[in-house]
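Take a look at the structure set out below.
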Amino acid sequence: MIFTIDQWAWSNGLRDTSPRRKGLAALVGLILSLSFPLPAVSVTVIILTALLLTVKARIPLRTFLKLMTVPAAFLLTGTVTIAFSLSPVDAVWQTSIYSYVIGISAQGLQEASTLLLRSLGATASLYFFVLTTPMVDAIELFNDLRTPRVLTDLMLLTYRFTFVLMETTQAMITAQEARLGYTTTANSFRSFGILAANLFIRSLLRSRDLYTALAARGYEDELRVLPRKRG
Amino acid sequence: MINIVNPNIHSLLEAEHIEFAYPDGTTGLNRLSMTIQQGRKVAIVGANGSGKSTLFLHLNGTLKPRRGAIRFQGKELDYSRKGLRELRSRIGLVFQDPDVQLFSASVEQDISFGPLNMGLSPAEARQRVDEALEVTGIGDLRHRPVHGLSYGQKKRVCIAGIYAMKPEVIILDEPLAWLDPVGAKHILALLDRLHEAGTTVIMSLHQMDIVARWAQDVIVLHKGETVFEGNPLSLFAQDDLLHRCGLETPWPHEMYHDLVRMGLLPPGEAAPVDKSGLLDMINRKFCKR
Ligand SMILES: Nc1ncnc2c1ncn2[C@@H]1O[C@H](COP(=O)(O)OP(=O)(O)OP(=O)(O)O)[C@@H](O)[C@H]1O
Ligand SMILES: [Mg+2]
């Protein structure tokens with residue numbers, strides 16, 4: 001999922017739009033869906049997001065929908081419980097278990113669906129931002145908003161080294177597989193142990209080497225870089 | 001800005017009997033001495049593990065020798081914060097492993113890092129970035145995240161990152177490794193341009209035919225020691241030395257000896273080190289006009 005998002009962030013049609021504008025758009029969507037408990041508002045936000053993403057950013061609707069199903073699944077399980085109640089007055093549907101009557105009340109159902117839509121609207125707004133803004137631009141925006149430098153520097157390094165770590169892991173697994181590392185259960189356990197231990201050591205060494213390389217280019221306390229040139 | 005302590009000195013970088021051991025006890029450098037002249041193209045060669053990368057880390061003040069001295073323009077290196085800042089803005093080091101050097105996911109941002117640290121204005125830094133992208137032939141990678149790039153492409157981004165700092169001395173640790181032949185030619189041409197502009201260029205490499213064509217001076221390392229300093233021609237005359245250090249002579253050189261052995265070329269002449277030298281000899285022998 002991270003990879004889908006990252007790939008689109010670097011290759012969508014709105015990539016070079018200013019991160020401020022995209023951030024503002026996402027914020028407006030977020031505030032609208034959170035502050036108005038009206039299904040109409042949430043649905044409008046979701047549809048507008050989908051339109052912006054498909055028409056302006058040229059991201060396939062399928063990608064967006066697929067990404068939406070992930071939080072939707074979580075939200076659904078959370079909100080379903082709200083719809084149910086004991087001995088509902090205005091039951092849409094009910095059943096009795098022993099002496100209890102459990103059912104879905106009309107009001108509960110409405111509350112649950114409103115909540116679900118509001119959360120989905122908020123999620124869609126955030127997706128809009130992350131799908132159209134490369135991480136380096138997002139970090140630039142956070143810097144403009146005066147986020148402490150330590151935090152944004154950490155974000156920059158975390159982002160870059162997530163990929164280094166993934167690539168290293170992948171390369172090590174491929175190398176282990178090439179020498180039959182995962183052919184039997186016993187082999188797999190052993191290989192995995194070696195992998196984990198080595199990743200840890202490599203990460204430590206990496207961080208040391210990184211510092212050396214940064215220092216060679218005059219690093220002292222801040223990762224000063226230019227904003228990415230857009231357009 | 002540049003204050004030359006002694007206007008008569010010619011050696012730019014000097015190491016005198018430097019010794020270094022890694023924390024685990026491995027000998028990195030063993031009483032190594034060498035001298036690099038201003039404005040030269042210098043090749044550092046040696047088998048794997050002979051100490052090339054370790055030496056480079058000493059030359060930019062990352063590692064400090066346990067004994068011995070390193071001098072830049074006649075002055076011993078100053079390991080204070082300020083001293084190192086000054087040193088590293090004048091001596092640029094391109095690391096062997098690009099993944100170590102590239103910290104930002106954006107190609108442009110990574111290249112802008114050095115210039116901004118040197119205190120250039122954003123506008124100047126931007127100009128340096130654009131120029132560096134252009135001369136290293138990676139303008140089309142501008143909008144790609146670093147994690148999608150091939151190894152050779154990453155190497156070029158690293159070179160661009162140091163090029164953008166315009167150091168007086170540029171040290172490259174195996175810059176040609178992983179590059180395709182055209183890419184390697186491109187980088188060599190770039191280094192030649194830097195050299196013509198007065199930069200001292202130092203690089204480590206394993207391809208001896210490139211050493212023969214490109215370098216003005218060669219330094220051979222063997223087990224953390226300098227075993228040869230001089231011009232490529234006199235190095236290739238010393239077969240046994242090369243052999244002892246696990247190095248080879250360039251192919252035209254070997255070809256010449258083979259042709260002599262087959263009786264096709266006369267013995268006793270100085271062996272050629274590059275293709276054109278060999279062709280000349282063949283020409284003289286067979287196409288007498
Ligand atoms: N971090 C380290 N810890 C311990 N020993 C090290 C470390 N780095 C290098 N060495 C050792 O120091 C010696 C010199 O290594 P160095 O990396 O300088 O060689 P090199 O000439 O650059 O080799 P290559 O051609 O493979 O890049 C080798 O014996 C090596 O094993
Ligand atoms: Mg090395």
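In Å², and per residue, what accessible area does region B:208-277 have when probed at 1.4 Å with the other protein chains present?
Values: 3660 Å² over 70 residues.
Per-residue accessible area for region B:208-277 comes out at 52 Å².
If packing is taken as the average count of other Cβ atoms within 10 Å, what order do A:59-72, B:197-210 fall into, highest mean first? Intermediate values should be presented prior to the final figure.
On the way: A:59-72: 14.9, B:197-210: 19.2.
In decreasing order of mean packing, A:59-72, B:197-210 become B:197-210, A:59-72.
Order of A:160-166, B:128-134, A:2-8 by packing, highest average Cβ count within 10 Å first? Spell out each step's value before the answer.
Numbers: A:160-166: 17.6, B:128-134: 20.1, A:2-8: 15.1.
Ranked from most to least packed, the peptides come out as B:128-134, A:160-166, A:2-8.
Could you let me know the centre-to-centre spacing of region A:38-93 and region B:226-289, using Cα atoms, in angstrom?
The distance from the Cα centre of region A:38-93 to that of region B:226-289 comes to 76 Å.
Which residues of region A:207-231 bury at least 50 Å² of accessible area once all protein chains are present, versus their chain alone (1.4 Å probe)?
A:212, A:213, A:216, A:217, A:220, A:224, A:225, A:226, A:228, A:229
Going from the alpha-carbon gyration tensor of region B:1-108, what semi-axes, largest first and in whole Å, does one get by taking the root of 5 times each eigenvalue?
On the way: eigenvalues 100, 81, 42 Å².
After scaling each eigenvalue by five and taking roots: 22, 20, 14 Å.
Quick one: order A:200, B:72 from most to least accessible surface, probe 1.4 Å.
Working: A:200 135, B:72 20 Å².
Reading off the accessible areas and sorting them downward yields A:200, B:72.
Using Cα atoms only, what is the angle between the long axis of helix B:122-135 and the major principal axis of chain B, expressed in degrees (0 to 90) to the nearest 10?
The helix B:122-135 is inclined about 20 degrees to chain B.
Given a 1.4 Å probe and every protein chain left where it sits, what share in percent of the accessible area of the protein assembly as shown is carbon and sulfur? Working shown, then result.
Values: 16120 of 26670 Å².
Whole-percent figure for carbon plus sulfur exposure: 60.
Averaged across A:160-166, how many Cβ atoms of other chains sit within 10 Å of each residue's Cβ atom?
The per-residue average across the peptide is 4.
In a shell of Cβ-Cβ distance under 12 Å around residue B:86, excluding residue B:86 itself, what net charge do Lys and Arg (+1) and Asp and Glu (-1) give? Each step should come with its number before you reach the end.
Numbers: positive: B:75, B:81, B:82, B:85, B:88, B:90; negative: B:78, B:168.
Local net charge: +4.
Looking only at the protein assembly as shown, where both bridge partners belong to it, what percent of the DSSP beta bridges are antiparallel (to the nearest 5)? Write out the running numbers ahead of the final one.
Working: 29 of 46 bridges.
Given both bridge residues lie in the protein assembly as shown, the antiparallel proportion sits at roughly 65 percent.
Over the Cα atoms of chain A, Rg to Rh with Kirkwood Rh, two decimal places?
My calculation of the ratio gives 1.11.
Once the Cα gyration tensor of region A:13-84 is diagonalised, what are the square roots of 5 times its eigenvalues, in whole Å and ordered largest first, as equivalent ellipsoid semi-axes?
Working: eigenvalues 125, 51, 21 Å².
Over the Cα atoms of region A:13-84, the ellipsoid semi-axes are 25, 16, 10 Å.
Probe radius 1.4 Å, ligands and nucleic acids left out: can you give me the accessible area buried at the A-B interface, summed over both chains, in Å² to the nearest hundred? Mind showing how you got there, number by number?
On the way: alone 15130 and 14890 Å², together 26670 Å².
Result for this pair: about 3400 Å² buried.
Quick check on region B:93-197: what does the Kirkwood estimate of hydrodynamic radius come out to from the alpha carbon pairs, in Å?
Working: mean 1/r = 0.0739 Å⁻¹.
Mean inverse Cα-Cα distance, inverted, gives 13.5 Å.
Just check region B:219-289 against the gyration tensor rule for me: Cα atoms, a ≥ b ≥ c as the square roots of the eigenvalues, rounded for a/c under 1.5, and otherwise prolate or oblate depending on whether a/b exceeds b/c. Write out the running numbers ahead of the final one.
Working: a/c = 3.33, a/b = 2.40, b/c = 1.38.
Since a/c reaches 1.5 and a/b is larger than b/c, the shape of region B:219-289 is classed as prolate.
With the crude spin-label approximation of a point 7 Å out along Cα→Cβ, what separation in nm comes out for residue A:200 versus residue A:58?
Roughly 4.7 nm, to one decimal.
Quick one: angle between helix B:251-261 and the longest Cα principal axis of chain B, in degrees between 0 and 90, rounded to 10, please.
Long axis of B:251-261 versus the principal axis of chain B: about 10 degrees.
Using a 10 Å cut-off around each Cβ of peptide B:128-135, what is the average number of partner chain Cβ atoms that fall inside?
Numbers: counts 1, 3, 1, 0, 0, 1, 0, 0.
Averaged over the peptide's residues, the number is 1.
Roll a 1.4 Å probe over the protein chains and send me the accessible area per residue for region B:85-136 in Å².
Details: 1540 Å² over 52 residues.
I get 30 Å² per residue for this part.
With the solvent-accessible surface defined on protein heavy atoms using a 1.4 Å probe, which residues belonging to region B:93-117 display a reduction of at least 40 Å² in accessible area in the multichain context relative to the isolated chain?
B:95, B:99, B:100, B:103, B:105, B:109, B:113, B:116, B:117
Taking chain B as a Gaussian network, where each spring joins two C-alpha atoms under 10 Å apart, which residue of B:124, B:168, B:229 fluctuates the most?
Highest fluctuation of the listed residues: B:124.
Can you pull the three principal axis extents for the Cα set of region B:188-245, in Å, largest first?
Ordered largest first, region B:188-245 gives principal extents of 36, 21, 17 Å.
Among B:23, B:272, B:232, which one shows the highest mean-square fluctuation when chain B is modelled as a Gaussian network with alpha-carbon springs under 10 Å?
In the Gaussian network model the winner is B:23.
Does region A:81-212 come out rounded, prolate or oblate, given a ≥ b ≥ c as the square roots of the eigenvalues of its C-alpha gyration tensor, rounded meaning a/c under 1.5 and, failing that, prolate meaning a/b above b/c?
Values: a/c = 3.94, a/b = 1.63, b/c = 2.41.
Oblate is the answer for region A:81-212, as a/c is 1.5 or above yet b/c matches or exceeds a/b.
Can you give me the angle between helix B:181-196 and the longest principal axis of chain B, using Cα atoms only, in degrees from 0 to 90, rounded to the nearest 10?
Here the helix axis deviates by roughly 70 degrees.
With n ≥ 4 as the cut-off for DSSP H runs, can you work out [θ] at 222 nm for the protein assembly as shown, using -39500 (n - 2.57) per run divided by the number of residues, rounded to the nearest 500?
Numbers: 20 runs with 279 residues, N = 520.
After summing the helix terms and dividing by the residues of the protein assembly as shown, the value is -17500 deg cm²/dmol.
How fast does the protein assembly as shown diffuse by Stokes-Einstein, in µm²/s, taking the Kirkwood radius from C-alpha pairs at 4 °C and 1.567 mPa s?
Details: Rh = 27.5 Å.
Taking Rh from Cα pairs, D becomes 47 µm²/s.
Given the C-alpha atoms of region B:69-137, compute the convex hull and give its volume per residue in Å³. Working shown, then result.
On the way: hull volume 8.8 nm³, N = 69.
It comes to 127 Å³ per residue, whole-number rounded.
Can you list the residues, at least 5 places off or on another chain, whose amide H is less than 5 Å from the amide H of residue A:105, using H built in the peptide plane?
Correct list: A:85, A:92.
Can you tell me the order of A:181-190, B:152-161, A:83-92 when each peptide is scored by its average per-residue count of other Cβ atoms within 10 angstrom, highest first?
Values: A:181-190: 12.3, B:152-161: 24.9, A:83-92: 14.7.
Answer by packing, highest mean first, reads B:152-161, A:83-92, A:181-190.
From the C-alpha gyration tensor of chain B, pull out the three semi-axes of the equivalent ellipsoid (sqrt of 5λ each), sorted largest to smallest, in whole Å. Mind showing how you got there, number by number?
On the way: eigenvalues 237, 122, 63 Å².
Its equivalent ellipsoid spans semi-axes of 34, 25, 18 Å.
Using a 10 Å cut-off around each Cβ of peptide B:79-88, what is the average number of partner chain Cβ atoms that fall inside?
2
Describe numerically, in nm with one decimal, the distance between label points set 7 Å from Cα along Cα→Cβ at residue A:86 and at residue B:86.
With each label point 7 Å from Cα toward Cβ, the separation is 8.1 nm.
Can you give the accessible area per residue of region A:175-231, in Å², using a 1.4 Å probe?
Each residue of region A:175-231 exposes 63 Å² on average to a 1.4 Å probe.
Measure out, as a whole number of angstrom, how far apart the alpha-carbon centroids of region B:135-158 and region B:45-69 sit.
Cα centroid to Cα centroid, the span is 28 Å.
List the DSSP H helices in chain A whose Cα atoms stretch 24 Å or more along the helix axis and whose mean Kyte-Doolittle hydropathy is at least -1.0.
On the way: long enough: A:61-83 (30 Å, 1.34); A:106-132 (39 Å, 0.81); A:149-178 (43 Å, 0.55); A:185-216 (45 Å, 0.51).
In chain A, the long hydrophobic H runs are A:61-83, A:106-132, A:149-178, A:185-216.
Ratio of alpha-carbon Rg to the 2.2 N^0.38 Å globular estimate for region B:30-92, to two decimals, please.
Values: Rg = 12.1 Å, N = 63, 2.2 N^0.38 = 10.6 Å.
Region B:30-92 yields a ratio of 1.14.
Quick one: which residues, 5 or more positions from residue B:230 or on another chain, have an amide H under 5 Å from its amide H? H modelled 1.01 Å from N in the peptide plane, none for Pro or chain starts.
Correct list: B:218.
The values are calculated or read from the model by the stated rules, or taken from the named source; none is laboratory data. Quantities reported herein were computed from a predicted structural model and do not represent experimental measurements. In this analysis, Cβ positions are derived from the backbone assuming ideal geometry, glycine residues included, and neighbour counts consider all displayed protein chains. Only protein heavy atoms, including side chains, enter the accessible area calculation; ligands, DNA and RNA are left aside. Shrake-Rupley method; radii C 1.70, N 1.55, O 1.52, S 1.80 Å.
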